[in-house]
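For reference, the structure is listed below as structure tokens.
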Amino acid sequence: MARVHGCYVIKEALELKKKFGSTARVLAGGTDLLVHLKKKIITTDHIISLQRIESLTRITAHPQPSHPWRECMQCKPGRRFPARPAHL
């Protein structure tokens, strides 16, 4: 039976993967891993779950991809954008 490791930050997940190497599989919401384990297509000693990592629970995108958002003082990385920022 595989041991499940629930991580809260990406750094922790990376450290566990490095520690366990090829004996660990990463579960990122994909049911394929669970199906393969159940059907014994693959085996693993450790499962590293990414489900609790808050920064991976949503995708945000800038409304205007060509806009230099990294240099823009009004557009900060990770900020949730309205449909169209007022300055664009």
* To do: Being in contact with an Asp or Glu (Cβ under 8 Å, 6 or more places away or on another chain) and not β-branched (V, I, T) is the filter here, so list the residues in the stretch 1-24 that pass it.
  => A2, R3, Y8, F20, A24
* Asked: Restricting the stretch 43-76 to residues that are hydroxyl-bearing (S, T, Y) and modelled with pLDDT under 90, which is farthest from E15 (Cα to Cα)?
  -> S66
* Residues in the stretch 30-42: is at least one on the phi > 0 side of the Ramachandran plot, at pLDDT 75 or above, out of contact with any Cys (no Cβ under 8 Å at 6 or more places or on another chain) and outside any loop (DSSP other than H, G, I, E, B)? -> no
* Structure fact -> Within the stretch 34-49, the residues that are in contact with a Leu (Cβ under 9 Å, 6 or more places away or on another chain) and under 14 Å from R3 (Cα atoms) are L34, T43, T44, H46, I47, I48, S49
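The values are calculated or read from the model by the stated rules, or taken from the named source; none is laboratory data. Just so you know, these numbers come straight off a predicted model, no measurement behind them. Cβ atoms come from the backbone with ideal geometry, glycine included; neighbour counts cover every protein chain shown.
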